[in-house]
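K.L.:
Before I ask anything, let me first share the structure, which is written out below as C-alpha cells.
What follows is calculated from the coordinates using simple rules that are stated; it is not laboratory data. What you see is a predicted model; the values in this text were computed from it and never measured. Positions of Cβ are backbone-derived with ideal geometry, glycine not excepted, and every protein chain shown enters the neighbour counts.
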Amino acid sequence: MFNLYINERRIEDVTVLDLKGRIRITGRTRGLHNSIRSLVEEGKIRILLNLSKVTHIDSNGLDQLVASCVTARNQGGDLKLLHLTEHMRAVITTANLSAVFDIYNNEYDAIASFKRKVSRVAKPPTLSNGNDALTASVIQRQVQA
C-alpha cells in the first residue's frame, strides 16, 4: 500500500504541492484536503498541485480535489493542476471535471496563469529587476499528509 506524500514549495506567491503516491479516501486523502485548508487559512490561496507522481486516484479522491478547489476559491484563490499522468487525465475527463480545473503541462505557464487572473483584478505587479523570469523563492517542507 502506497502513502500519499506531499512536498510543499513556494514560487513567488504560489504554493506548489508535489504529490507522490495514491489519492484515495483514507486518512491520507483527507490529509491532502486538510493541508490545503491549512494553507488557505494561512493566506496561501494560490495553490498548484503537481500530480506527475500520482499513481492512482479514486472517485472519493476526486471529491477531495474538488472540495479543496472550492475551499481555495471561496477565499478568492484558486487551485490548479500540473503534469497529469495519462491515468489522471482519463479519470478527470471521464468524471467531466476538465471544466472545473485549470490543467497545465508546464510549471512556468501554470505559475504565470495565477498572475493573469490577478492582473484582471488588480494593477499588474512591476518586477524590480525588469526581468520577466519568475523569481523562485523555494521553501521546502516535507509534509506527510
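K.L.:
Residue separation times 0.36 nm, minus the C-alpha to C-alpha distance between ASP13 and SER38: what's the value?
P.N.:
This chain segment gains 7.4 nm when fully extended.
K.L.:
While we're here: Give the relative contact order (percent, whole number) for the stretch 5-118; include only Cα pairs under 8 Å separated by 6+ residues.
P.N.:
Answer for the stretch 5-118 is 25 percent.
K.L.:
Taking a cut-off of 17 Å between Cα atoms, list the aspartates and glutamates near LYS44, but don't count ones fewer than 8 places away on the same chain.
P.N.:
GLU8, GLU12, ASP13, ASP18, ASP78
K.L.:
Please give the charge dipole size of the stretch 5-118, origin at the Cα centre, charges +1 on K and R Cβ atoms and -1 on D and E Cβ atoms. Round to the nearest 20 debye.
P.N.:
Computed about the Cα centre, the dipole is about 120 debye.
K.L.:
Further question on the same structure: Nearest 5 is fine: what % of DSSP beta bridges in the stretch 5-118 come out antiparallel, could you say?
P.N.:
30 percent
K.L.:
Follow-up question, since we're still on this one. Where does each of 3-16, 31-44 land if you order them by average Cβ count within 10 Å, highest first?
P.N.:
Going from most to least packed, we get 3-16, 31-44.
K.L.:
I've got another one for you. Give me the compactness ratio for the stretch 5-118, meaning the Cα radius of gyration over 2.2 N^0.38 Å.
P.N.:
Taking N as the residue count of the stretch 5-118, the ratio is 0.96.
K.L.:
Have a look at PHE114, GLY61, ASN96 and report the one farthest towards the positive end of the charge dipole of the stretch 5-118, computed about the Cα centre with Cβ charges (Lys/Arg +1, Asp/Glu -1).
P.N.:
Final value for the positive-end residue is GLY61.
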